[in-house]
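Here the structure is laid out as C-alpha cells; the discussion comes afterwards.
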Ligand SMILES: Cc1ncc(COP(=O)(O)O)c(C=O)c1O
C-alpha cells in the first residue's frame, strides 16, 4: 500500500472538538469520518476523525489555530 | 372559555410544533448517550448538542461554538460563574433589579467574605451606568447584571456597561439574558459581554431544562466548575478536564431537550429577532395604551414605554391585591398571568411594590394582536367585579 493511502486519525480532547473539526474539514473539502478511537492509540472512550494519510498536512493546516489541541497519528 | 396565556416571561407557551417533533424524532431515532460511546447513534446525539452550540453561537455573534456550555437553565449558568469565579476578598458589582438566580448566590457569597455592591436603579428600574462605574474597585472581579428585568421588562444599558467594564483589566462582565435571549438582539462582541447566561424555555422557544453559558475563551481558567464527573473525554484521567466546554458539562446532558431547543433556535432565526421584537413591541404598546386610556385606577411599574421594555408589563389596580386580581383574570377571562414578587425582592423595593408585589402580564410570539385589547379590558373591568 502506498504511503498516501495509509489512513491517519486525528485525536481530540473531546467529542465536541471532533464534531467541530469534522465541520471545518468538510467545509475545506477534506474527506473524513468519525470513528471510535482505536484502542492502541488511547484508552479513551471517545471518537476521532479518520482521514486519508495524504491529507495530513492539509488537515493540520485547516485545524491549526482553530482548535487548541489535536494530534494526528498514522494507523 | 378560551385560554389567553400571558405568562411568557415565566416560560413561553405554546412552542413551535417543530420543537415537539424534533424531540419525538430524537428519542425514536437517536436516543443514545452523546459523546460517550463512539457508535453512530452516540455520535448523532453528540451532533445534536453541537448543533445547539452552533445555533446559539450564531444568534449571539459568538465565534467559537465550543465556548458555548450547555446547562439546564440560566440559573445553573449564573451559578457556574458566580460560585466558580468569586472567592473571599473579591469584589462583585450588581444592580438592584436582579432576579434571585443572581441575588441568592451573591448573598451567599457575601456571607462567605465576598464584597458585594448592589447599585440602586431608578423607580422605573433603570440603571445609570455612571453609578456602576463609580462602584468599581481595584479588587472587582465580576460585574453581573440582567439585560432586562423580569418584573418590569426594563431594558438595561448593557452595551454601555460593557464598554465601561472592558476598560478595566481583569473584570469579567456577566449578563443574565434569561428575559432577552431570542427577544432582543444580543451581540457579545459589540456589547463586550464576557459571560452570557441564557435559558432555553423562554424566548428561545425550547423546552424546559435547557440553557447555556457563553464563556469568553481564556476565562475558563478563572472559573471553577460547579460539578465534576464524567464528560466522555479524557476518560483515562481522574481529574476534571480543564477545557471548554467539557469542564462545565459533567454528567449525561439533556440531549432530548437540546434536540427541542435546536428547533426553537431555528424558529427564532427563521423569523429573525428583529421581527420577533417588532411583533412583541406592538402588542406591548397596544396593551399599555389601552390600559392608560381605559383604566385610570391601574398603576404601571417600569418605563411604561414599549421601546424601553420587553413584552413584560407589571401593574397594580387600586384596592385589589395582585393575587385576587390574578384569580379573577383566570376565572372570568381565562387569562393566565403571574401575581406577586416574581423572584426579585430587591427589584420590588426599587419599584416601591414590596411586599405586595404586582400583576405581571407577559406577551409572547404566539399571542394574537387582539389579546392586548382583551387583557386591558379585563383590567378595566376588574373594579366592576
Ligand atoms: C431575569 C431572570 N434571570 C434568571 C431567570 C432564571 O431562569 P431559569 O429559571 O430558566 O433558570 C429568570 C426566569 O425565571 C429571569 O427572569
Report task. Look through B:179, B:190, B:208 and report the one residue that is buried (at least 24 other Cβ atoms within 10 Å of the Cβ) and in the same structural domain as residue B:263 (by TED's automatic domain parsing). Result -> B:179
Requested in this report: Answer with yes or no whether residue B:194 is modelled with pLDDT of 95 or more, closer than 19 Å to residue B:55 by Cβ and more than 13 Å from the ligand (Cβ to nearest atom).
Outcome: no
Requested in this report: Mind counting the residues in the stretch B:87-118 that are closer than 27 Å to residue B:299 by Cα and away from the ligand (no atom under 16 Å from the Cβ)?
Outcome: 0
Query raised in the report: Mind checking whether some residue in the stretch B:83-94 is surrounded by fewer than 18 Cβ atoms within 10 Å (Cβ to Cβ) and within 14 Å of chain A (Cβ to nearest Cβ)?
Result: no
**Report entry** Identity of the residue in the stretch B:64-81, in contact (Cβ under 8 Å) with a residue 24 or more places away in the chain and more than 16 Å from the chain's Cα centre (by Cα), that ends up nearest to the ligand (Cβ to nearest atom)
**Finding:** B:67
Report summary line: Those residues of the stretch B:217-234 which are away from the ligand (no atom under 15 Å from the Cβ) and touching a helix residue (DSSP H, G or I) at 6+ places or on another chain (Cβ under 7 Å) amount to B:217, B:220, B:222, B:223, B:224, B:225, B:231, B:232, B:233
Report summary line: The residue from B:175, B:144, B:188, B:151 that alone is within 16 Å of the ligand (Cβ to nearest atom) and in a loop (DSSP other than H, G, I, E, B) is B:151
Query raised in the report: Among (1) assigned to a loop (DSSP other than H, G, I, E, B); (2) within 12 Å of chain A (Cβ to nearest Cβ), where does residue B:204 come up short?
Result: (2)
Query raised in the report: If we keep just the residues of the stretch B:25-51 that are in contact with a helix residue (DSSP H, G or I) (Cβ under 9 Å, 6 or more places away or on another chain) and more than 11 Å from chain A (Cβ to nearest Cβ), which is surrounded by the most Cβ atoms within 10 Å (Cβ to Cβ)?
Result: B:26
Requested in this report: Can you give me the ranges of the helices (runs of 4 or more DSSP H) entirely in the stretch B:280-385 with at least 1 residues that are modelled with pLDDT under 95 and within 16 Å of the ligand (Cβ to nearest atom)?
Outcome: B:345-351
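The values are calculated or read from the model by the stated rules, or taken from the named source; none is laboratory data. In this text the structure is predicted, and so the values were computed from the model without any measurement. All Cβ positions, even for glycine, are placed from backbone atoms using ideal geometry, and neighbour counts span all protein chains on display.
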